[in-house]
Amino acid sequence: MNAADRGPADRPAAAPRGCRRRPPRRRTGRSLAATAAFLVLGTAAAGGWFYTRLSGNIHGAGVDDALGDNRPRATKGGENILVIGSDSRKGMGDGYGQGLTSMQSDTLMLLHVGGSGKWATVVSFPRDSWVRIPACAQGDGTSSAPHHFKINEAYAIGGSGGDTAKAAACAIKTVEQNTRVRVDHFMTIDFRGFTGMVNALGGVEICPERPVHDEKAHLDLRAGCQTVKDDQALGYVRARYSLGDGTDIGRIGRQQEFMKALATKAKARLYNPKALYGFLDSATRSLTTDPELAGLKPLYELASGVKSMPTERITFLTVPNYPRERDVPSDKANVVWNPPAAQQLFSALSHDREMTRARLDKAAGQLPPTASSVEVTVLNGTGIPGRAREIADRLSALGFRIAATGNAPAPAERSTLTFPEGRAAQARLLAARFPGLAPVSSAEAAPGTVTLVIGPDLPPLAG
């Protein structure tokens, strides 16, 4: 079992009442898809003023101009929607998260709806994923410098001035450049929507077996079953170190459990007009999407398509990952994606192929060599000065060891990756960082090192 499969959702300590104990990734598909479908379908049935008012609550934000031209090719069939859970406190006063100077991203998922309309895959990105954040427009009009950090920082960089469109654009650029999967649409929902939906239902019952005290999450709960709402509900799904194993993967599992309980109560309570309106008004007021999704009709069509799918064909997955400490011993806080397994997942999404849990688990079942065990010689065959050093620095930031850099003996028409006998696994690990570049065994390759010759067609570096 890799790190993506572990979490407190499998523990009885703090699960919402009535939740069956299953692996967290399997639960999520049913609960969140049902919640989204119920939200939109219920609204569409309301009609008239109700429909117009709620549709007008949804904010549309254009991001195309901020994404630039260096984007992956569009998926042939199907579409990808980036779902962002935002930590924005706008309109909530200073009772929670006082002192934050930027917008934050608490949850990041990519929904792929298959072109056949018969299946969907939702991929969760752990917020502690160590990735390359590209240059993004900031709130002060400047552009950030590319660098490596946790994936959730991208939303904060773009949203440094409170602009949701810039925040979403930076998150989209980061996901696209690290996965090479094109994002067709996005939607964000902030804290106001979460607390408003919970409160409209009168709260959600949870049953922690032990008292919970978490100053960071503003959480103080007694042991035993109790109904939580307002800041308590928010603190419960956001708490990390006081519940479970203290990992972000674990928190994802608990959030999935809570959403299942929320969906169950919504089905039982939304026959009440007051509860229905409060629930939907809170959700739509806190929702921002790209212009094409900014309305109840397109959201209804999206939810209807997902709702019509067999539940076993809606698969929730987490990007295969392992602790970054394995590559960089000093980093005990972050995770990196398992390159070969993650690339199989991203390739499936970009080619509109269904990825099953069994196939992904098989791919992620064996950890690759550590990046620090791979020595790389980088040679520049493009004629562009500094290109070898640029790529070498980026590979070094990912934990790879750079044996040497220099110019190729002759201009290269295409990029190549060669390896000597005994270095096939190391070559595959490096090749996974350049989707589409196939490693080739060579008796002439320098012993002990994988040799990358940079040509004009070098694929964008993932990570």
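When you look at Asp220, is it in contact with a His (Cβ under 8 Å, 6 or more places away or on another chain) and surrounded by fewer than 19 Cβ atoms within 10 Å (Cβ to Cβ), yes or no? Here the answer is yes, as Asp220 does meet what is asked.
Among the residues making up segment 167-211, those that are within 18 Å of the chain's Cα centre (by Cα) and not hydrophobic (A, V, I, L, M, F, W, C) are Lys173, Thr174, Glu176, Gln177, Asn178, Thr179, Arg180, Arg182, Asp184, His185, Thr188, Asp190.
If I go through segment 385-435 residue by residue, how many of them are within 22 Å of Gln177 (Cα to Cα) and either in the same structural domain as Val181 (by TED's automatic domain parsing) or not hydroxyl-bearing (Ser, Thr, Tyr) (or both)?
Counting residues in segment 385-435 that are within 22 Å of Gln177 (Cα to Cα) and either in the same structural domain as Val181 (by TED's automatic domain parsing) or not hydroxyl-bearing (Ser, Thr, Tyr) (or both) gives 25.
Residue pairs whose Cβ atoms lie under 7 Å apart, separated by 6 or more positions or on different chains, with the first residue in segment 372-397 and in contact (Cβ under 8 Å) with a residue 40 or more places away in the chain and the second of a type in the set (Asp, Glu) and part of a loop (DSSP other than H, G, I, E, B), are Ser372/Asp327. Inside segment 416-463, residues that are surrounded by fewer than 19 Cβ atoms within 10 Å (Cβ to Cβ) and of a type in the set (S, T, N, Q) make up a count of 2. Listed by position, the strands (runs of 3 or more DSSP E) enclosed by segment 99-170 include none that has at least 3 residues that are in contact with a Pro (Cβ under 9 Å, 6 or more places away or on another chain), of a type outside the set (Phe, Trp, Tyr) and without any contact (Cβ under 8 Å) to a residue 60 or more places away in the chain. Restricted to segment 272-385, the set of helices (runs of 4 or more DSSP H) holding at least 3 residues that are at pLDDT 85 or above and out of contact with any helix residue (DSSP H, G or I) (no Cβ under 6 Å at 6 or more places or on another chain) comprises 339-350, 357-364. Candidates are the residues of segment 318-344 that are touching a residue at least 24 places away in the same chain (Cβ under 8 Å) and more than 18 Å from Asp128 (Cβ to Cβ); the one that is nearest to the chain's Cα centre (by Cα) is Gln343. Look at segment 61-88: where a residue is assigned by TED's automatic domain parsing to the domain that holds Val122 and a partner is in a loop (DSSP other than H, G, I, E, B) and among the small types (Gly, Ala, Ser), sitting 6+ places away or on another chain with Cβ atoms under 6 Å, you get Gly77/Gly115; Gly78/Gly114; Gly78/Gly115. Consider segment 386-414. How many of its residues are touching a strand residue (DSSP E or B) at 6+ places or on another chain (Cβ under 8 Å), in a helix (DSSP H, G or I) and not polar (S, T, N, Q)? Summing the residues that are touching a strand residue (DSSP E or B) at 6+ places or on another chain (Cβ under 8 Å), in a helix (DSSP H, G or I) and not polar (S, T, N, Q) in segment 386-414 gives 8. Beta carbons closer than 9 Å, at least 6 apart along the sequence or on distinct chains, pair a first residue in segment 273-285 that is assigned by TED's automatic domain parsing to the domain that holds Gly85 and under 11 Å from Asn57 (Cβ atoms) with a second that is in a helix (DSSP H, G or I) and among the hydroxyl-bearing types (Ser, Thr, Tyr) for Leu280/Thr43; Ser282/Thr195; Ala283/Thr43; Thr284/Thr43; Thr284/Ser55. When segment 132-183 is filtered for residues that are closer than 19 Å to Thr107 by Cβ and either acidic (Asp, Glu) or outside the structural domain of Leu82 (by TED's automatic domain parsing) (or both), the ones remaining, listed by number, are Glu153, Glu176.
For segment 98-116, filtered to residues that are surrounded by 18 or more Cβ atoms within 10 Å (Cβ to Cβ) and either more than 27 Å from Thr315 (Cα to Cα) or acidic (Asp, Glu) (or both), the residue that is modelled with the lowest pLDDT is Ser102.
The values are calculated or read from the model by the stated rules, or taken from the named source; none is laboratory data. Everything quoted here is computed from the prediction, not taken from an experiment. Positions of Cβ are backbone-derived with ideal geometry, glycine not excepted, and every protein chain shown enters the neighbour counts.
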